[in-house]
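A.B. asks: Take this structure first; my questions come after.
The values are calculated or read from the model by the stated rules, or taken from the named source; none is laboratory data. Please read all numbers here as calculations on a predicted model, not as lab measurements. Positions of Cβ are backbone-derived with ideal geometry, glycine not excepted, and every protein chain shown enters the neighbour counts. Ligands, DNA and RNA are stripped out before the accessible areas are found, and what is left, the full protein with its side chains, is counted by its heavy atoms. Shrake-Rupley method; radii C 1.70, N 1.55, O 1.52, S 1.80 Å.
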Amino acid sequence: MAPSIVSIATLAALLSPAIPNILAIAQLTAGCTTNSFTVSSWLIEDFESSGTTVRFQALNRATNTSAQLSCQVSGNASTWQACTSDSSPLLASVQLEAAVARVRINETWVCNDLTPSRPLNFAAQGEGSLPITCNSDACAPLSTDPLLIKSVLSSPFPLSPSAVPGPSGHDKEGCAAGSRTPSWEVFSTQLNLRNVSGRIEGGNAFIQLRNTITDYRASCFGTLTGTAPATMQCSAQSTGRPRAPKYNINTVLTFSPGSFVLSVNETWFCDDANPAQPIEIFGVGTARLPLECSAVGETTTYCAGDPATFTGRLISEKPIPPFSLGDPLPTAPSCTISSVVAPSYRFSDFETIVASGSSLGSIRFGVELNTGAAFTGYPSTFFRSGVSVSVTEGGSTAWYPCVLESVGEQSLTPTACAFRYDATTQSLSLSADWKCSDLDASRPVSFTGDLRTTVPSLTCSTTSGRTRCATAPGQAWAANVTSVYWGN
């Protein structure tokens, strides 16, 4: 299916706010754009029903704005009844039965926190069911917890963000209750100590431990200086899709090589008891490791030990926003968001080769979509022979289909492209197609964009009648896409 085409150049005209006083609030909300692409959903709170009137509050979690809704319901339980709000573009309706209230939400809003000059319009829909109990003339929720309604985006394109798995062990049975008496298992320890005149002068330590409540495992490494306690660098042993820097487990380990005493400070999360009431937990523990040491040569001592478990203390426990551990976390440096907000490509390894007396030669260049994250260092390379690369008045105007020579990071590689090169001005133009599936693998978003860039200084050399002109090794530069179109 051909994508529905929306041009960046026309977004400002197409997406002008219909209700400025409300949408202006959303536009100024920090994180509005990334939240709208990832955690767009609503929390339904303060639900009450009396007689023929239903009232509730709907909080848009992407914009952090609330709307107070009022609905007039009839005795027909199968009919959806429209709700009204005097201050919001949010549309809602309810269906009230004896044991459940169903709520539908349809809302549009605008974000410009990442695109100040061209506000970006969002539209989303969702539906949820709230268990209730009713008497002769009133109904009330069975729980005081908010109802989470997850949304499906319909604008700027259809999208159902996939969730990144929550922090390790957050939903493990007994997480919250067991965390009141935290414990850890040290299941691997390796020390290499450097001795001078019978004294420990330095070395290194490698320690692996497991939180027995969450089953989270950390590998910690540190450089030792004398017998002083050393703070070690710890990282998770888990694999899979990386999480954004939010609600991540943090482990700080301190180890004393003189006494073999280990201290751990760790932050973890639980919502096994109730996803609507997640908690952040901080616990500490100290233990002396039962290590056995042996000399390796004259100046090195190697120490290791059997697994050991120790109990710690709960220091603090605090609530975090409802349902936050199961969210598809905002990921600003992503393919989809970067392609909508400020698409650009990173070029490298440019070269032309032409034989003496010929106007045709070959062009090679590396390219990688710029997502705002660190570059992978593995650009995909395109190569094309039979290209006009000589310096002539007026330059070349011919477009050539790209031919993929080697694939770097596939998700950041154009699915198709064409280029032209003007050797006179060293101007390289690229028209590229690419797809992003980082937010919704089942429904990738297709992008098409054009750009023009000037190739940096070239160094030319001639060997055996062939002239090669190339950018400096390792040199790379970015070029903004000046027009982009997208759709599913």
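A.B. asks: Give, rounded to the nearest 20 debye, the magnitude of the charge dipole that region 418-470 has about its Cα centre when Lys and Arg contribute +1 at Cβ and Asp and Glu contribute -1 at Cβ.
C.D. replies: Result for region 418-470 is approximately 260 debye, rounded to the nearest 20.
A.B. asks: If you don't mind, another one. Report relative contact order for region 294-434 in percent, whole number only (criteria: Cα-Cα under 8 Å, sequence separation at least 6).
C.D. replies: This gives 16 percent for region 294-434.
A.B. asks: If you count, for each residue, the other Cβ atoms within 10 Å and average over each peptide, how do 376-385, 461-470 line up from highest to lowest?
C.D. replies: 376-385, 461-470
A.B. asks: To the nearest 500 deg cm²/dmol, what mean residue ellipticity at 222 nm is calculated for the chain from DSSP H runs of n ≥ 4 alone, each contributing -39,500 (n - 2.57), summed and divided by the residues?
C.D. replies: -1500 deg cm²/dmol
A.B. asks: If you take the alpha carbon radius of gyration of the chain and divide it by 2.2 N^0.38 Å, what ratio comes out, to two decimals?
C.D. replies: For the chain, the normalised Cα radius of gyration comes out at 1.29.
A.B. asks: Let me make sure I get this right: for region 361-450, a, b and c are the square roots of the gyration tensor eigenvalues over alpha carbons, sorted descending. Under 1.5 in a/c it's rounded, otherwise prolate if a/b > b/c, else oblate. Which is it?
C.D. replies: prolate
A.B. asks: Tell me the Rg and the Dmax, in Å, that the Cα atoms of region 246-372 produce.
C.D. replies: Over region 246-372's Cα set, Rg and Dmax evaluate to 27.3, 80 Å.
A.B. asks: If you don't mind, there's one more thing I want to ask. I'd like the Karplus ³J(HN,Hα) series for region 208-213: coefficients 6.51, -1.76, 1.60, θ = phi - 60°, whole numbers in Hz, and an x wherever there's a Gly or Pro.
C.D. replies: 10, 9, 10, 6, 6, 7
A.B. asks: So what are the radius of gyration and Dmax for the Cα set of region 335-387, in Å?
C.D. replies: 14.9, 47
A.B. asks: Per residue of region 253-266, what does 6.51 cos²θ - 1.76 cosθ + 1.60 with θ = phi - 60° give for ³J(HN,Hα)? Whole Hz please, x for Gly and Pro, Karplus curve as stated.
C.D. replies: 10, 10, 9, 9, x, x, 10, 6, 8, 10, 10, 10, 10, 9
A.B. asks: Treating cross-link reach as a plain straight distance, find the lysines whose alpha-carbon is under 27 Å from the alpha-carbon of residue 318, omitting any fewer than eight places away in the same chain.
C.D. replies: 150, 172, 246
A.B. asks: Here's another thing I want to ask about it. What is the sum of charges around residue 405, taking Lys and Arg as +1, Asp and Glu as -1, for the other residues whose C-beta is under 13 Å from the C-beta of residue 405?
C.D. replies: Around residue 405, the surrounding residues sum to 0.
A.B. asks: Next question, about the same structure. Starting from the amide H of residue 250, placed 1.01 Å from N in the peptide plane, find each other amide H under 5 Å away whose residue is 5 or more places distant or on another chain.
C.D. replies: The list, which skips near neighbours in sequence, is 267.
A.B. asks: Next question. Using the basic label-point model (7 angstrom from Cα toward the beta carbon), what is the residue 155 to residue 177 distance in nanometres?
C.D. replies: About 4.9 nm, to one decimal.
A.B. asks: Between residue 87 and residue 140, what FRET efficiency comes out of the Förster formula 1/(1 + (r/R0)^6) with R0 = 30 Å and r the beta carbon distance, rounded to 0.05?
C.D. replies: After rounding to 0.05, the efficiency reads 0.75.
A.B. asks: So who's got an amide H within less than 5 Å of the one on residue 155, skipping anything under 5 residues away but keeping other chains? H placed 1.01 Å off N, in plane.
C.D. replies: Under 5 Å from the amide H of residue 155 lie the amide H atoms of 123, each far enough along the sequence or on another chain.
A.B. asks: How large is the accessible surface of residue 246 in square angstrom, using a 1.4 angstrom probe and rounding to the nearest 10?
C.D. replies: Counting only protein heavy atoms, residue 246 exposes about 90 Å² to solvent.
A.B. asks: Just grab the label-to-label distance for residue 273 and residue 356, each label 7 Å out from Cα along the Cβ direction, in nm (one decimal).
C.D. replies: 8.4 nm
A.B. asks: Could you go through region 145-159 in sequence order and give the Karplus-derived ³J(HN,Hα) for each residue, using 6.51 cos²θ - 1.76 cosθ + 1.60 with θ = phi - 60°, rounded to whole Hz, and x for Gly and Pro?
C.D. replies: 5, x, 8, 8, 10, 7, 10, 10, 6, 10, 8, x, 7, x, 7
A.B. asks: In whole percent, how big is the carbon plus sulfur part of the accessible area of region 346-487, probe 1.4 Å, protein atoms only?
C.D. replies: Roughly 50 percent of what the probe reaches on region 346-487 is carbon or sulfur.
A.B. asks: Against the globular-protein guess of 2.2 N^0.38 Å, express the Cα radius of gyration of region 185-292 as a ratio, rounded to two decimals.
C.D. replies: Dividing the Cα radius of gyration by 2.2 N^0.38 Å gives 1.23.
A.B. asks: Starting from 0.36 nm per residue, how many nanometres of slack lie between residue 221 and residue 190 once their C-alpha separation is accounted for?
C.D. replies: Gain in length upon complete extension: 10.2 nm.
A.B. asks: Any chance you could run the full-extension gain for residue 74 through residue 125? It's 0.36 nm times the residue separation minus the Cα-Cα distance, nm to one decimal.
C.D. replies: Answer, rounded to one decimal: 16.0 nm.
A.B. asks: Report Rg(Cα)/(2.2 N^0.38 Å) for region 38-196, keeping two decimals.
C.D. replies: So region 38-196 has a normalised radius of gyration of 1.49.
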